[in-house]
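Here the structure is laid out as structure tokens; the discussion comes afterwards.
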Amino acid sequence: MGFSLRQWFVNIGKRYLVLTLWLVVCALLFWRTYNEFKYDPQFFYVHQMLGSWLCMSRASAAVLNLNCGLVLVPMCRTFVTFLRNIQRKVGLGTMANLLDACKGFHIACAYVICILSVIHISGHMINARNFSKYYNPVYADVNGVMYKDQDPMMVVVATVPGITGLIMMIILCVIFTTSIKYTRTANYDLFWYIHRLVAVFYILLLVHAFRGPIRRQINLDRHYPGCEYGNMTIPFPEPIPEPEAEYYAELSQVCDEGPKFDYIGCQSWMWILVPGMLYLCDTAIRLFKRTPTVSVINVNRLGDDVLEIQFEKENFTARPGQFVYVQCPDISTFEWHPYSLTTCPLSPGGHHSIHVRAIGDWSGDLLSYIVSLIISAHVLVFNEKTFHSSCSHLLIDGPFSSPMEDVTKYRTLLCVAGGIGLTPFIAFLNAIRHQTLKLGKLSRICLVWMNRDIRSFLWFTGAIRSLHATLWEERPDLLDIRYHYTGQHSARDSIVADLFFFKRLRYGRPIWKDLFHEFAANRPRETIGVFTCGPRSLAHIMKRQCNKKYSSGTKFDFYQECF
Amino acid sequence: MGKIEWAMWANEQAIASAAITFLGGIIGIAGMFKNWQFSIYAVAAGFLIFVFEYPRGKRLSGHTIERKFQRPIAKVVSCCGPLGRNYYVRFVLYLVMCVPCCFILPTVLGGVCLIITSAIYFAAAIKGEQWVPVGLGTTEKLQAKRLQSLRPPQRPPPRGPIQQETNQQGNMEANRF
């Protein structure tokens, strides 16, 4: 049993194919722009002075413009959710696969921007030196410096492109260092706030090429490049490119007038206009959708660190598997945190809910804040930890699509959840329980829930138990639940739970190889959907198992959501 | 904003600045810029800063992911005493080291990035952060810990996982079948 190339392509390979195509487009654009600056007669005199680094810097500029536009598109979340809704109707699996990889494409574009910026700035530094060293005494207008051997630093600090370019590189460097995975996961707030500097980056990009030192000739009809005018000789730092040598050799005639030059002008706006407008519209729609007030209907505290928040919002409908961004203005004005929805009533007037686990600063503050509201409101509480409020203390943005929405297109599902990662699956189980979701051809859901703390299993036992009871009459074989307790077992770890829970409780991590072989043996030649929501290491293990070849012909399609 | 580990960001920024300074120096030498001697300094400074900043310090909370092959360099840096530990030293050091980079064009960007690194280290120093080596001298403890968990079984088979053997009277045992 080895590696299945077909399954690798279905699960991951399509994304690499799109990445390869995109890289080919970038390479072609680079090559085309390089040749344009090398052979175009407009740039003959500039090319004489600067050589091939003119072509390198301008070619990298073109690819940079393209990628600065493309990098915005995956971040248009409303647009991506809209495309996902279309994909669900059309049924194109590839489209779903690519939409789920949006963040990866954004990161790939960002890497290309960083690498090409290095080439671009290196090219322009050498251009500055060449402007200084190969000053054209004959046609002074083509020069980027005021006199021969002027300090190349003046090309940078005394021009708009120089200053804007330097500031943009500094912003890019700072964004890069806060965005690499190690720093980003440790200091997400810092990453988020520093990333807002891209607004400054784009404003500077729009004016970057204003009155730059590189000039193009505008009177080609009256002055052939290289022709004699006033008996002057021009130094040639580099041989004339071969194919055009004959063209220029023939035109060694006297011209009427000298060459006239003009700035290249700003072109970045053409590349970033459409993606920029798309992003601005997307942001406007999100800001508009955030405004309807959220009514917090009910808050339950489950265990020490989990809150269930039930809310109601005008014109808000969501599908199971989608997630929302939550803001609590009383805690932080700028922070929005993503949470999967755990209840999605499709009928209007129903309550949605999210489960928030207090593991970070913001979520910890939210827990304390809600608890303090309970104390200060002096509400007569029953059920020990229930709070009713119709005032809005939360803002909700969304819903946004996630890979977890595709569960209904499979006959058999293997859902693997780590810790609080059960939330997207709970949304489905609740939807099945309330019969708001059509099961379609779904015949078996195997839910594997792993927790390091035994008390964490109490978060959702109610929901799972009531679903089991609902299904017992008609579809008793639909749901197969396996609880895995992966923590260190000790005498203090005891919980009050029923036989249903203890009969399904296992100790230690699942043996994935055995589990997958069990599925492969029971479901030959079938395609099984494997959905993982949990830590990245878990997703990595599941991906490896899904890409293997099984002798029964069973194929596993892999979907993940990581936190 | 939550708790920010400034030293972590300063370390990454220092590595990036060192790389930019190094590259700027290479361009200065290869491009035969005037006063190219500053480029030689930039190449040397970039390399030294990269090596000095290569070992990651221990995080305030959470798991520190070490860079590959960082332990020998971490040993050297920890031998420097307060020069390696204290972030005020790094703040002053980078502020001074960036000055020669600002005289020629190729190394200007490296110089400015070093100033930013210096400022972030200043913020880290004010917050009282310190560079603490990771993974030096703890391998023996881990091994000892692993050995202690192996004990011979108390009961004949069939028996549950090792942790269960320690608690045969707990509620879990009573309810499970």
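The values are calculated or read from the model by the stated rules, or taken from the named source; none is laboratory data. Please read these numbers as outputs of a predicted model, since none were measured by experiment. Note that each Cβ is placed from the backbone with ideal geometry, even for glycine, and that neighbours are counted across all protein chains shown.
See the values below:
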{"quantity": "Odd one out for B:Gly81, checked against (1) more than 16 Å from B:Ala44 (Cβ to Cβ); (2) crowded, with 17+ Cβ neighbours inside 10 Å", "calculated": "(2)"}
{"quantity": "Residue in the range A:488-547 that is modelled with the lowest pLDDT, counting only those that are farther than 19 Å from A:Ser456 by Cβ, hydrophobic (A, V, I, L, M, F, W, C) and surrounded by fewer than 12 Cβ atoms within 10 Å (Cβ to Cβ)", "calculated": "A:Leu499"}
{"quantity": "Count of the range B:1-43 residues which are aromatic (Phe, Trp, Tyr), at the interface with chain A (Cβ under 9 Å from one of its Cβ atoms) and out of contact with any Pro (no Cβ under 9 Å at 6 or more places or on another chain)", "calculated": "2"}
{"quantity": "The range A:367-410, subset among the β-branched types (Val, Ile, Thr) and at pLDDT 80 or above, residue nearest to A:Val299 (Cα to Cα)", "calculated": "A:Ile370"}
{"quantity": "Selection status of A:Val63, touching a Cys at 6+ places or on another chain (Cβ under 8 Å), under 27 Å from A:Gly529 (Cβ atoms) and either at pLDDT below 90 or of a type in the set (A, V, I, L, M) (or both)", "calculated": "no"}
{"quantity": "Cβ pairs under 6 Å, 6+ apart, first in the range A:209-225 and over 24 Å from A:Trp271 (Cα atoms) and touching a residue at least 40 places away in the same chain (Cβ under 8 Å), second in a loop (DSSP other than H, G, I, E, B) and among the basic types (Lys, Arg)", "calculated": "A:Asn219/A:Lys260"}
{"quantity": "Criterion: among the acidic types (Asp, Glu) and over 22 Å from the mean Cα position of the chain (by Cα) - qualifying residue of A:Asp305, A:Asp282", "calculated": "A:Asp305"}
{"quantity": "Filter result for B:Gly57 (surrounded by 16 or more Cβ atoms within 10 Å (Cβ to Cβ), part of a loop (DSSP other than H, G, I, E, B), more than 9 Å from chain A (Cβ to nearest Cβ) and in contact with a Ser or Thr (Cβ under 8 Å, 6 or more places away or on another chain))", "calculated": "yes"}
{"quantity": "Wholly within the range A:446-527, helices (runs of 4 or more DSSP H) carrying at least 1 residues that are within 32 Å of the chain's Cα centre (by Cα) and on the phi < 0 side of the Ramachandran plot", "calculated": "A:512-522"}
{"quantity": "Single condition A:Ala284 does not satisfy, out of (1) part of a loop (DSSP other than H, G, I, E, B); (2) at pLDDT 90 or above; (3) out of contact with any helix residue (DSSP H, G or I) (no Cβ under 9 Å at 6 or more places or on another chain)", "calculated": "(1)"}
{"quantity": "Residue that is nearest to B:Gln13 (Cα to Cα) [pool: residues in the range A:132-176 that are among the hydrophobic types (A, V, I, L, M, F, W, C) and not in a helix (DSSP H, G or I)]", "calculated": "A:Ala158"}
{"quantity": "Given (1) over 12 Å from the mean Cα position of the chain (by Cα); (2) surrounded by fewer than 17 Cβ atoms within 10 Å (Cβ to Cβ); (3) among the hydrophobic types (A, V, I, L, M, F, W, C); (4) within 14 Å of chain A (Cβ to nearest Cβ), index of the condition B:Ile65 fails", "calculated": "(1)"}
{"quantity": "Matching residues in the range A:70-92 - criterion: being among the polar types (S, T, N, Q) and over 13 Å from A:Pro403 (Cα atoms)", "calculated": "A:Thr78"}
{"quantity": "Total residues in the range A:142-179, condition of a type outside the set (S, T, N, Q) and within 7 Å of chain B (Cβ to nearest Cβ)", "calculated": "9"}
{"quantity": "Test for A:Leu429: is it under 13 Å from A:Gly321 (Cα atoms), modelled with pLDDT under 90 and either in contact with a Leu (Cβ under 6 Å, 6 or more places away or on another chain) or buried (at least 21 other Cβ atoms within 10 Å of the Cβ) (or both)", "calculated": "yes"}
